[in-house]
1. Would you check which residues across segment 155-172 are assigned to a loop (DSSP other than H, G, I, E, B), out of contact with any strand residue (DSSP E or B) (no Cβ under 6 Å at 6 or more places or on another chain) and either closer than 13 Å to residue 194 by Cα or free of Cβ contacts under 8 Å to residues at least 24 places away in the same chain (or both) and list them?
2. Can you tell me which residue among 117, 129 is touching a strand residue (DSSP E or B) at 6+ places or on another chain (Cβ under 9 Å) and modelled with pLDDT under 90?
3. Return the only residue of 316, 350, 364, 369 being within 14 Å of residue 404 (Cβ to Cβ) and either under 28 Å from the mean Cα position of the chain (by Cα) or modelled with pLDDT of 95 or more (or both).
4. Which numbered condition in (1) modelled with pLDDT under 95; (2) surrounded by fewer than 20 Cβ atoms within 10 Å (Cβ to Cβ); (3) within 27 Å of residue 261 (Cα to Cα) is the only one that residue 301 fails?
5. Could you tell me which residue of segment 224-239 is surrounded by the fewest Cβ atoms within 10 Å (Cβ to Cβ), considering only residues that are at pLDDT below 95 and more than 21 Å from residue 282 (Cα to Cα)?
6. So residue 317 ticks every box in (1) in the same structural domain as residue 359 (by TED's automatic domain parsing); (2) not in a helix (DSSP H, G or I) but one. Which box is left unticked?
7. What's the number of the only condition in (1) surrounded by fewer than 17 Cβ atoms within 10 Å (Cβ to Cβ); (2) free of Cβ contacts under 8 Å to residues at least 60 places away in the same chain; (3) within 25 Å of residue 323 (Cβ to Cβ) that residue 398 fails to meet?
């Protein structure tokens, strides 16, 4: 009896959109068409696609919606984009995470949410394209070789600990102890890395944290930064040994990391290690200045996001109108940790004549009170948290929420409630803003025109 063949994930580079007036648009490529090959090579992902298209002369094979196959001979400027957008950027599927990390947020999700919220990826390609963190425990030798050969850089790595035994326990994966060997190999190849440590009280903090940071600093400048973020705990957490940090513990961590930053500034001319904003907010301490974050290499990880937000608002505050034509009243809804972030913004907005803006912090009932970030508030939380406020308000009040509460490009909360559904229950108008100071200023400049 012959050996069974390993299943191969089919490649399907389906086109979801074509940029207007692009090369692809002019050649008649349409939404729903499928990219088959570039120069006879089948791209496995967006990285392959971009690499293969970075020539002046390329042959592109397309499968049309009517199943007709055509080959287009294209002459273009080097690195000029064709204008194709794909339904997903990994054409051969996503590499799934096989770890069972003790703090995995996906494993702390309630049941009956949309399927995509339970997907755990550990795909190095998404690390390059979107800054997703990977553990390197689900990566093959072929993947490592490709990263090195194509110089896929930078990548973002979840380290948590460089102690082999401890990292195995944290990730629940026997391969987790290889992290220093893997980082060393990537560093030798010139691959740049940004790393993170999800800090858990009594597990990988204290001396373990010091050792992990010191180990990673040995790979500077290939390891460009280390972010230290506090573990997130929901009411669905099954590991009783996990808990959140206290304000006093947060202050101690800030003190210790500040000391390390001073050392690294002297030796490496960089802070190297950065704390997530949550530590400063929990401790009730001032967020570091703009220059502290050295270009904000891990802003998507919540490192310096508050300072960048304030800086953006202050830089553009001169665009705010001095007054509104008629009196208008609005409310900003935020998570508990977002209240001190928005407070100085509200103060500035209330200097505008005929404008009154108030802040409503809402607790997270859906995931539990230990979750305080605004982006994890659900439609259910808004309805629960605003019920008493709504009884006191007359007419049709207007509130502002951040788009981070919603599914990307859709008006859907994590609990599958939609913005119109919440508006109907609360009988109010909901304005959705991007989480930037510029977006707030633009919104109220537009209000001044009404």
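1. Here is the first cut: in segment 155-172, the residues assigned to a loop (DSSP other than H, G, I, E, B) are 159-163, 172.
Remaining after also requiring out of contact with any strand residue (DSSP E or B) (no Cβ under 6 Å at 6 or more places or on another chain): 161-163, 172.
Within segment 155-172, none qualify.
2. Working: 117 fails: touching a strand residue (DSSP E or B) at 6+ places or on another chain (Cβ under 9 Å).
Every option except 129 fails the conditions.
3. Working: 316 fails: within 14 Å of residue 404 (Cβ to Cβ); 350 fails: within 14 Å of residue 404 (Cβ to Cβ); 369 fails: within 14 Å of residue 404 (Cβ to Cβ).
None of the others qualify; the one that does is 364.
4. Here residue 301 clears every test but (2).
5. 238
6. Condition not satisfied by residue 317: (2).
7. (2)
A quick yes/no check of all residues on (1) under 18 Å from residue 49 (Cα atoms); (2) touching a helix residue (DSSP H, G or I) at 6+ places or on another chain (Cβ under 8 Å); (3) buried (at least 22 other Cβ atoms within 10 Å of the Cβ):
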| position | (1), (2), (3) |
| --- | --- |
| 127 | yes, no, yes |
| 130 | yes, no, no |
| 137 | no, yes, yes |
| 144 | no, yes, no |
| 153 | yes, yes, no |
| 156 | no, yes, yes |
| 165 | no, yes, no |
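The values are calculated or read from the model by the stated rules, or taken from the named source; none is laboratory data. Quantities reported herein were computed from a predicted structural model and do not represent experimental measurements. When we count neighbours, we look across all protein chains shown, and the Cβ atoms used for this are built from the backbone with ideal geometry, even at glycine.
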